[in-house]
Amino acid sequence: MSEPVRKESKNLDVSRRQAFVQLGVGSICAASAGAMVFGYEFLTPNVLYEPSPIVNAGKPDGYPPGTVTQDLPSGLYIVHGSEGLYALSAVCTHLGCLTAWKPELEIVACPCHGSKFRRDGSKIEGPAPRPLR
């Protein structure tokens, strides 16, 4: 009888030591990659791009005397009072809510917590600690 012909196969057996070495090298590579990512994040500047504080409100002729006009994109009130044109911030000084002009009461009111302000920005009542800017 003849012996069956065996094809030579590659030795794929990995010893325990080789498996732990490969696991260790892989872990070190993963930790190094993570450290490089965090190092890059640490070294790059974190810049906050804020909108310009300069606003083009248009011509003064667009604001009739005695009116209060809210400019929503800039968060301002343009007031044309007896002393002239001036701007008030529409952001409440309590927690930063956007206020609303109430023409029937002639006040600026905060819908969040009830602060009320006069046309000149001074506080009438409510939890706001300061007048409008």
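So the values come out like this:
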read-out	value
Close pairs (7 angstrom Cβ cut-off, 6 or more residues apart or separate chains): under 17 Å from P73 (Cα atoms) in the stretch 98-113, assigned to a strand (DSSP E or B) and β-branched (V, I, T) anywhere	L98/V91; T99/V108; W101/V68; W101/V108
Filter pass, G121 being on the phi > 0 side of the Ramachandran plot, open to solvent by less than 70 Å² (accessible area, probe 1.4 Å) and at pLDDT below 85	yes
Unique match (being touching a residue at least 24 places away in the same chain (Cβ under 8 Å) and small (G, A, S)) among A57, A30, A35	A57
Top-ranked residue of the stretch 6-59 - restricted to ones that are under 30 Å from P73 (Cβ atoms) and modelled with pLDDT of 85 or more, ranked as surrounded by the fewest Cβ atoms within 10 Å (Cβ to Cβ)	P45
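The values are calculated or read from the model by the stated rules, or taken from the named source; none is laboratory data. All values reported here derive from a predicted model rather than from experimental measurement. Here the Cβ is made from the backbone with ideal geometry for all residues, glycine too, and neighbour counts use every protein chain on show. The area values use the complete protein model at the heavy-atom level, side chains included, leaving out ligands, DNA and RNA. Shrake-Rupley method; radii C 1.70, N 1.55, O 1.52, S 1.80 Å.
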